[in-house]
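Trainee: Dropping a structure here in structure tokens format, bear with me for questions.
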Amino acid sequence: MSTEPVLGSEGAQKHLEELAEHANKPGRFAGLNQWWEQQPRVKQWAILLPIAAIVFFLPVINPPIITTEPGNDWPLACFDMARFALVALGLNVVVGQAGLLDLGYVGFFAVGSYVAALWTSPDSSAVHIPYLWTLPLAMLVTVVFGVCLGIPTLRLRGDYLAIVTLGFGEIIRLLATIIPAMRGQQGFKEVGHPPGTGSDGVPIFTNNHGTPWYMLTVGIIVLVMILLGNIERSRVGRAWIAIREDEDAAEIMGVPTFKFKIWAFATGAAIGGLSGALFAGQVGFVNNQKFDVVTSVLFLCAVILGGSGNKLGVIIGGALVSYIPNRFTSIADYKYLIFGVALVLLMIFRSQGLIGARAHLLAYARSARARTRELAARRRTPEPTPDPAQEAAS
Amino acid sequence: MTDQNHDEIPEVIPDYVEPAAPPSLDSEAAEKAAAERDIAVGVGETLVEIDNLSVKFGGLTALDSVSFDIKRGEILGLIGPNGAGKTTCFNAMTGVYKPSGGDVRLEGVSLLRKKQHTITRMGLARTFQNIRLWGEMTALENVAVGLDTRHHTSLFGAMFGIPRHRREERSSIERGMALLEFVGIADAAMTKASALPYGHQRRLEIARALATDPKLLCLDEPAAGFNPAEKENLMELIRSIRDDGYTVLLIEHDMKLVMGVTDRIVVLEFGKLLAEGPPKEIRENPAVISAYLGEEAQV
């Protein structure tokens, strides 16, 4: 044996070269995605910023045709979309990334809502704090709930976990009904809102004024996306995907899967709670009627519709699930039928969801990509006198 | 390597090939792959002791009081007919099965009742007989998960990009690429694992296991489904892994490969230890010949 590189047969070698080329060339379908990846960061931002601006001022722009008026108030519909998008973003961590089927996500949403209500509503006897402080508090409390739910149940897998979480969602709803302090159907009125009054002395954040709520939520979504993106491109994000793909293999390769699953649950719960607190603030009223199983399924539908595992996808999915019944009020009563059919069709024709591109899991993938390209180029034009050591390295 | 006869079943078991001279200093890739490691100290000392290991499935005894040692720096072959308990032995060592009796010790520390990921972190990595890569992740990402054993960033560290996180991420790329180069599939670093050809998936499994920085690397039939040329290459790779200071436990059906690459062989039959010794001895051992190599030996 010479110092030949430890490579497969010639056929496999050729295949590998083709693969390497394919990885660096825009494909027919993934063309846009590939093109996007190869753009410098500055150019990516230059394209993203105007889009972000349009999205941010969406309730003010009130585009014709797209608007939900006269049926529903457009800024309020916008806030509802943003709220669903945030929920979808949180549920995506649990379902899309770690692959843990959670059918009781509305439970975390409910806990967040009640935290905001309990600490701000005059109907509550608890200590009152400014509304904005309830946002981190809601996250903290839901994380505790998430960890408490996770520790006993995350030893279960797949369908079994789904059933337990389904039960959890119901337990939260029933607790809100039977615990007197939670005031059941009577609920909490006049939940707090962020401070600030306009020039005319009217508070900026009110129940029937959706624009400021929308902008606040979009700001939070951007922040959450950045932080989730950082997690995604770290050992945590990689461990989540590995657990989703093959949990046993992940465990055997040294990944403490239980710990990472708890982290996924806690992260998802925190975002769900945050979304719940925002919802409570905007609506201004919290009771036990809005946190049923069907809502959980609707959240899940948003994730799967948009593209499980893809942040941008689930945001679009969440917005759509909220937008369609608001825009087409005549068919709003059939929304579950419509989403059901849509899911079936999606599973048949595009099982990865509307935007199903895989997530990037390395913080410095660019340097590795450049190196791969360099290797492929070196292979195409072999050096005149190859150094055996270098050959072995390639 | 282009020998056409490789396609036929070898008539006689090939001669025992003397293992290549240890540390080949000319191999740049090997040095890279071994970076940050203590190059095997105390070659020849006992690394893993398998002590009266038994595994029972209900009434079936899959492994019956098997004892053998794995020495540091060697390539140990574990062979035996189908159902002899090779993979069971593997699974009991790596914590997949709970042994019903006996003990497995790595450097004197018992691996029993340890969690699977702890065993891997202690230095025992494996590949799978049926390839189990994370298909949706790229080759490099797969290796990066293997590198997780040496990383410690928490959820918050990752979220806010603390310096340790950035340092670990950079080293993931560096080490990951070096390992992929070492096994010879660096070109495909950015290709989804499920899209890789079969042979490269096997190599990626080895790279991923090496990424955990094991003291003992267990290869479960790494040559399954390989053609003779690929097997030849795999033998080279296994030797270079050993030369890098890793200890290798190899389960393999292919006699040519086992005889050609191992330093020592342990033979199992019906869950019991049948023989143990260097390949030359094993080939001439009458018990082994009648139990396992019978047909081929009589050709």
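Read-outs: derived from the displayed coordinates by stated rules, not from any lab. All of these numbers come straight from a predicted model, not from anything done at the bench. Backbone-built Cβ (ideal geometry, glycine too); neighbour counts: all protein chains shown.
Trainee: Angle check, please: helix A:131-153 long axis (alpha carbons) against the longest principal axis of chain A (alpha carbons), in degrees 0 to 90, nearest 10.
Mentor: 60 degrees
Trainee: Report, in whole Å, the centroid distance computed from the Cα atoms of segment A:80-157 and segment A:303-380.
Mentor: 24 Å
Trainee: Additional query: Determine ³J(HN,Hα), in whole Hz, for all residues of segment B:113-120 in sequence, where each value follows from phi through the Karplus function 6.51 cos²θ - 1.76 cosθ + 1.60 and θ = phi - 60°; x replaces Gly and Pro.
Mentor: Result, ordered by residue: 6, 8, 5, 4, 5, 5, 4, 4 Hz.
Trainee: Only Cα pairs under 8 Å and at least 6 apart count here; give the relative contact order of segment A:84-159 as a rounded whole percent.
Mentor: On the way: 47 pairs, mean separation 20.3, N = 76.
Relative contact order comes out at 27 percent.
Trainee: Next question, about the same structure. Explain nothing, just compute: Karplus ³J(HN,Hα) = 6.51 cos²θ - 1.76 cosθ + 1.60, θ = phi - 60°, for every residue of segment A:107-124 in order, whole Hz, x for Gly and Pro.
Mentor: 3J(HN,Hα) across segment A:107-124, in whole Hz: x, 5, 4, 5, 4, x, 4, 5, 4, 4, 5, 4, 9, 10, 6, x, 6, 9.
Trainee: Based only on other Cβ atoms within 10 Å, what is the fewest-to-most ordering of A:TRP35, A:TRP213, A:TRP74? List each step's numbers first, then the result.
Mentor: Values: A:TRP35 10, A:TRP213 28, A:TRP74 24.
So the ranking, lowest neighbour count to highest, is A:TRP35, A:TRP74, A:TRP213.
Trainee: Amide H of B:LEU47: which non-local residues (sequence gap of 5 or more, or other chain) have their own amide H closer than 5 Å, using H built in the peptide plane?
Mentor: B:ILE70, B:LYS71, B:ARG72
Trainee: Using only the Cα atoms of the protein assembly as shown, build the gyration tensor, take square roots of its eigenvalues as a ≥ b ≥ c, and label the shape rounded, prolate or oblate: rounded if a/c is under 1.5, else prolate if a/b is larger than b/c, else oblate.
Mentor: Numbers: a/c = 2.68, a/b = 1.93, b/c = 1.39.
In terms of gyration-tensor shape, prolate.
Trainee: Given H placed on each backbone N at 1.01 Å, which residues far from B:THR138 in sequence or on other chains put an amide H within less than 5 Å of it?
Mentor: B:ALA193
Trainee: At a 10 Å Cβ-Cβ cut-off, how would you order B:ARG167, A:ARG238, A:ARG373, fewest neighbours first? Don't skip to the answer; put the middle values down first.
Mentor: Values: B:ARG167 12, A:ARG238 28, A:ARG373 16.
Ordered by Cβ neighbours within 10 Å, fewest first: B:ARG167, A:ARG373, A:ARG238.
Trainee: Also: Which whole-number percent gives the relative contact order of segment B:135-213, counting Cα pairs below 8 Å spaced six or more residues apart? Working shown, then result.
Mentor: Numbers: 85 pairs, mean separation 41.2, N = 79.
Here the relative contact order equals 52 percent.
Trainee: Sticking with this structure for a sec: Starting with the fewest neighbours, write out A:VAL255, A:VAL341 ranked by other beta-carbon atoms found within 10 Å of each beta-carbon.
Mentor: Numbers: A:VAL255 27, A:VAL341 11.
Ascending Cβ contact count within 10 Å gives the list A:VAL341, A:VAL255.
Trainee: Quick one: the Cα spread of segment B:84-219 along its three principal axes, in angstroms, biggest first?
Mentor: The Cα atoms of segment B:84-219 stretch 45, 36, 22 Å along the principal axes, largest first.
Trainee: Determine the dipole magnitude for segment A:143-227: charges of +1 sit on the beta-carbon of Lys and Arg, -1 on that of Asp and Glu, nothing else is charged, the reference point is the Cα centre, and the result goes in debye to the nearest 20. Mind dumping the intermediate values first?
Mentor: Working: 5 positive and 4 negative charges, 56 e Å.
Dipole of segment A:143-227, to the nearest 20 debye: 280 debye.
Trainee: Another question about this same structure. Shape of segment A:29-72 from its Cα gyration tensor (a ≥ b ≥ c, root eigenvalues): rounded if a/c is under 1.5, otherwise prolate when a/b > b/c, or oblate? The partial results should precede the final answer.
Mentor: Numbers: a/c = 5.75, a/b = 2.18, b/c = 2.63.
It is oblate, given that a/c is not under 1.5 and a/b is not larger than b/c.
Trainee: Rounded to the nearest 20 Debye, what is the dipole magnitude of the protein assembly as shown about its Cα centre when Lys and Arg each give +1 and Asp and Glu each give -1 at the C-beta? Numbers along the way, then the final one.
Mentor: On the way: 63 positive and 72 negative charges, 597 e Å.
Dipole size: approximately 2860 debye.
Trainee: Right, something else. How high is the relative contact order of segment A:148-302? Use alpha-carbon pairs under 8 Å, at least six apart in sequence, and give a whole percent.
Mentor: Numbers: 103 pairs, mean separation 60.3, N = 155.
It rounds to 39 percent for segment A:148-302.
Trainee: I'd like the orientation of helix A:311-327 relative to chain A: the angle between its Cα long axis and the longest Cα principal axis, in ° from 0 to 90, rounded to 10.
Mentor: The helix A:311-327 is inclined about 40 degrees to chain A.
Trainee: Of the residues A:ARG378, A:ARG366, A:ARG350, which exhibits the maximal mean-square fluctuation in a Gaussian network model of chain A defined by a 10 Å Cα contact cut-off?
Mentor: Judging by the Gaussian network model, the answer is A:ARG378.
Trainee: Shifting gears a bit: Please find the FRET efficiency linking A:LEU345 to A:ARG157, where r is the Cβ-Cβ separation and R0 is fixed at 30 Å, and quote it to the nearest 0.05.
Mentor: Working: r = 28 Å, r/R0 = 0.94.
So the FRET efficiency works out to roughly 0.60.
Trainee: Given springs between every Cα pair under 10 Å in a Gaussian network model of chain A, which of A:TYR323, A:TYR334, A:TYR105 has the largest fluctuation?
Mentor: Most flexible of the set in this elastic network: A:TYR334.
Trainee: Additional query: Which value, in debye to the nearest 20, describes the size of the charge dipole of segment A:88-195 about its Cα centre when Lys and Arg Cβ atoms bear +1, Asp and Glu Cβ atoms bear -1, and nothing else is charged? Intermediate results must be reported in sequence, preceding the final value.
Mentor: Numbers: 5 positive and 5 negative charges, 21 e Å.
So the dipole magnitude of segment A:88-195 works out to roughly 100 debye.
Trainee: A further question follows. Where the convex hull is taken over the Cα atoms of segment B:125-180, what is its projected area averaged over directions, in nm²?
Mentor: Numbers: hull surface 17.9 nm².
Average projection, Cα convex hull of segment B:125-180: 4.5 nm².
Trainee: In segment B:135-213, what is the volume of the convex hull around the alpha carbon atoms, normalised per residue and reported in Å³?
Mentor: Values: hull volume 6.3 nm³, N = 79.
Looking at segment B:135-213, the number lands at 80 Å³ per residue.
Trainee: In nm, to one decimal, how far is the modelled label at A:ASP123 from the one at A:LEU223, with both set 7 Å along Cα→Cβ?
Mentor: 2.8 nm
Trainee: Then there's this: Kindly identify segment A:61-161 as rounded, prolate or oblate by the Cα gyration tensor criterion: order the square roots of the eigenvalues as a ≥ b ≥ c, call it rounded if a/c is under 1.5, otherwise compare a/b with b/c, prolate if a/b is larger, else oblate. Don't skip to the answer; put the middle values down first.
Mentor: Numbers: a/c = 2.96, a/b = 1.24, b/c = 2.39.
Oblate is the answer for segment A:61-161, as a/c is 1.5 or above yet b/c matches or exceeds a/b.
Trainee: Each residue of segment B:164-172 in turn: what ³J(HN,Hα) in whole Hz from Karplus with 6.51, -1.76, 1.60 and θ = phi - 60°, glycine and Pro shown as x?
Mentor: 3J(HN,Hα) across segment B:164-172, in whole Hz: 4, 4, 5, 5, 5, 5, 4, 5, 4.
Trainee: Just to be sure I understand: with springs between alpha-carbon atoms less than 10 Å apart, which residue in A:THR134, A:THR142, A:THR206 has the highest mean-square fluctuation in the Gaussian network model of chain A?
Mentor: The residue with the greatest mean-square fluctuation here is A:THR206.
Trainee: Report Rg/Rh for chain A, rounded to two decimals, where Rg is the Cα radius of gyration and Rh the Kirkwood radius. Before the final figure, lay out the partial values.
Mentor: On the way: Rg = 24.4 Å, Rh = 23.2 Å.
Radius of gyration relative to Kirkwood radius: 1.05.
Trainee: Holding the Cα-Cα limit at 18 Å, pick out from B:LYS86/B:LYS215; B:LYS86/B:LYS272; B:LYS56/B:LYS98; A:LYS261/B:LYS215; A:LYS259/B:LYS115; B:LYS71/B:LYS215 the pairs that are longer than that.
Mentor: Details: B:LYS86/B:LYS215 20 Å; B:LYS86/B:LYS272 10 Å; B:LYS56/B:LYS98 9 Å; A:LYS261/B:LYS215 28 Å; A:LYS259/B:LYS115 13 Å; B:LYS71/B:LYS215 11 Å.
Those over the limit are B:LYS86/B:LYS215; A:LYS261/B:LYS215.
Trainee: Sequence-distant or interchain residues sharing an amide H contact under 5 Å with B:SER100, placed H: which?
Mentor: B:SER54, B:VAL55, B:LYS56
Trainee: Among the lysines, which have Cα under 25 Å from the Cα of A:LYS43 when same-chain residues fewer than 8 positions away are ignored?
Mentor: A:LYS25, A:LYS311
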